[in-house]
Amino acid sequence: MDINIKITLDETPALMTSLDCLCEVLRAAIGKPQVVTPAEPEKAVSVPTAKTETPQPEAEPAPKVVAPAAAPKPETPKSDKLTEDELVKLRTCTAAFFHKTPDKTNMKTMKKWLMDNHVPACSVKNIKRDQLPDLLKLFPDDVRQMWEVK
């Protein structure tokens, strides 16, 4: 069974950025390709022939490596994704930012920032931790203070 899909595009910037966001979401959903490493080739064993009777020296056993006892674990870095509490605060700040202008100028500014920074699905919930400081610079001081309050 064949499925044929025909898509005609008119290369407008908005459509192209939407398609770019869609591609990013698909890449994230599919996941990164897994790299399979080949197994180490087996070493050839030398067999003495009848003409050469030279004895092979036996291989010495490798010295055992002693691991240090109970080494302290390094702190694990925070996840690249924001926590649920941080997402709630970010959504609150975003809503306050949107309500600053009645003509939806801030909403358009936010959407443009999301597209320019290749945020998947152009959604605030998909912002990564390293993108957060740049996003907070977009907000005015009073909205930024909402983020800093614990």
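The values are calculated or read from the model by the stated rules, or taken from the named source; none is laboratory data. Note that the structure is predicted; figures quoted are calculated from it, not measured. Methodologically, a virtual Cβ is constructed for each residue, glycine included, from the backbone with ideal geometry; neighbour enumeration extends over all protein chains shown. Ligands, DNA and RNA are stripped out before the accessible areas are found, and what is left, the full protein with its side chains, is counted by its heavy atoms. Shrake-Rupley method; radii C 1.70, N 1.55, O 1.52, S 1.80 Å.
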Exactly one condition in (1) open to solvent by 50 Å² or more (accessible area, probe 1.4 Å); (2) under 26 Å from Asp20 (Cα atoms) is false for Glu148; which is it?
(2)
Anything in region 106-141 that is touching a residue at least 24 places away in the same chain (Cβ under 8 Å) and charged (D, E, K, R)? List them, or say none.
Lys125, Lys128, Arg129, Asp130
Need the failing condition index for Glu148 against (1) over 24 Å from Glu24 (Cα atoms); (2) at pLDDT below 90; (3) under 24 Å from the mean Cα position of the chain (by Cα); (4) of a type outside the set (S, T, N, Q), just the number.
(3)
Would you mind stating whether Arg91 is part of a helix (DSSP H, G or I), farther than 23 Å from Glu24 by Cβ and free of Cβ contacts under 8 Å to residues at least 60 places away in the same chain?
no
Taking the criterion of being farther than 22 Å from Glu148 by Cβ, modelled with pLDDT under 90 and open to solvent by less than 90 Å² (accessible area, probe 1.4 Å), would at least one residue in region 68-80 satisfy it?
yes
Filter region 98-140 for residues that are under 26 Å from the mean Cα position of the chain (by Cα), on the phi > 0 side of the Ramachandran plot and open to solvent by 50 Å² or more (accessible area, probe 1.4 Å); which is modelled with the lowest pLDDT?
Ala121
